[in-house]
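The values are calculated or read from the model by the stated rules, or taken from the named source; none is laboratory data. Values in this document were obtained by computation on a predicted structure and should not be read as measured data. Cβ sites come from the backbone with ideal geometry, for glycine too, and all protein chains shown count toward neighbours. Areas reflect the complete protein model, heavy atoms only, side chains present, ligands, DNA and RNA absent. Shrake-Rupley method; radii C 1.70, N 1.55, O 1.52, S 1.80 Å.
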Amino acid sequence: MSRGAALAAVLAGVVLLGGMMNTKPDYNSTFQPFVTNTNPGEEGMGRLFTARITEAHIASQIEFDHWGEQLRRDSAGVFLIVRLSASGTARSTRLTAIWLGASGRQYSVSSRVELPSSGIEYKWFQPGLFQRAVAVFELPEDEIKGGRLALMAAGDARLDSAVQIPLQTLGPKQDVTRIGP
């Protein structure tokens with residue numbers, strides 16, 4: 001093989017390797033949950049659970065009982081209160097909720113609102129038994145319209161399922177909302 005042919009083979013290899021390195025997906029985009037999108041008002045089904053939104057509204061302040069103590073929280077944004085009904089399909093399952101805002105930002109359930117009796121992060125959903133739960137998000141008001149609720153099994157959701165549910169209707173904004181059992 002002549003030097004020119006060897007140099008051409010090496011350059012072709014470098015170009016191909018560079019192209020492969022620049023176009024391969026990164027770890028975070030490769031190992032994602034399998035997303036199921038539902039229509040507003042419909043029930044979404046993942047591998048380990050089914051769920052649907054039963055009600056949603058926004059409030060400037062919220063009140064709730066926390067182990068016998070009456071608490072009130074306010075926000076620089078608004079509280080989005082999403083009530084849902086969910087069930088496990090094959091085994092007892094805990095769920096994690098994330099609000100995917102209109103801008104693409106992700107909002108976790110507010111850590112300033114602890115609802116041991118009804119909060120989604122505290123519930124175990126049993127197969128065949130639909131239970132109600134509440135997810136409270138604290139976010140800017142303009143992130144609600146055009147956003148959607150994403151639900152997935154708690155823990156490591158990579159290569160599992162996630163269900164994304166848009167809001168069908170949003171109740172009127174309230175000054176103070178009481179969240180309770």
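Counting heavy atoms of the protein chains alone, THR23 has an accessible area of about 110 Å² for a 1.4 Å probe. If you sort ASP160, ASP74, ASP175, ASP65 by accessible surface, 1.4 Å probe, largest first, the order is ASP175, ASP74, ASP65, ASP160. In this structure the chain gives 58 Å² per residue of accessible area when probed at 1.4 Å with all protein chains present. Derived scalar couplings between HN and Hα for the range 128-139 equal x, 10, 7, 10, 8, 8, 10, 10, 10, 10, 10, 7 Hz in order, rounded to whole Hz, by the Karplus curve 6.51 cos²θ - 1.76 cosθ + 1.60 (θ = phi - 60°), x for Gly and Pro.
Label-to-label distance, ALA8 versus ASP175, with points set 7 angstrom from Cα along the beta-carbon direction: 8.2 nm.
With the whole protein complex present, SER2 retains an accessible surface near 70 Å², based on a 1.4 Å probe. Rounded to the nearest 10 degrees, what's the angle between the helix 3-23 long axis and the longest principal axis of the chain, both from Cα atoms, 0 to 90? Taking Cα atoms only, the helix is inclined about 0 degrees.
With Cα atoms as the point set, the chain shows a radius of gyration and Dmax of 22.4, 85 Å.
Of PHE130, PHE64, the order by accessible heavy-atom surface (1.4 Å probe, DNA, RNA and ligands excluded), from most exposed downward, is PHE130, PHE64.
The HN-Hα couplings worked out from phi for the range 160-166 by the Karplus form 6.51 cos²θ - 1.76 cosθ + 1.60 (θ = phi - 60°) are 10, 10, 9, 10, 10, 10, x Hz, whole numbers, x standing for Gly and Pro. Across the range 33-38, rounded Karplus estimates of 3J(HN,Hα) from the backbone phi angles (6.51 cos²θ - 1.76 cosθ + 1.60, θ = phi - 60°) give x, 7, 8, 10, 9, 10 Hz, Gly and Pro being marked x. In straight-distance terms, cross-link reach from LYS145 covers every one of the lysines whose alpha-carbon lies under 19 Å from its own, apart from those fewer than eight places away in the same chain; here that gives LYS173.
With a 1.4 Å probe and all protein chains left in place, how much of the accessible area of the chain comes from carbon and sulfur atoms, in whole percent? The computed percentage sits at 54.
In this simple spin-label model, placing a label point 7 Å from the Cα along the Cα-to-Cβ direction at both GLN126 and ARG47 gives a separation of 2.5 nm.
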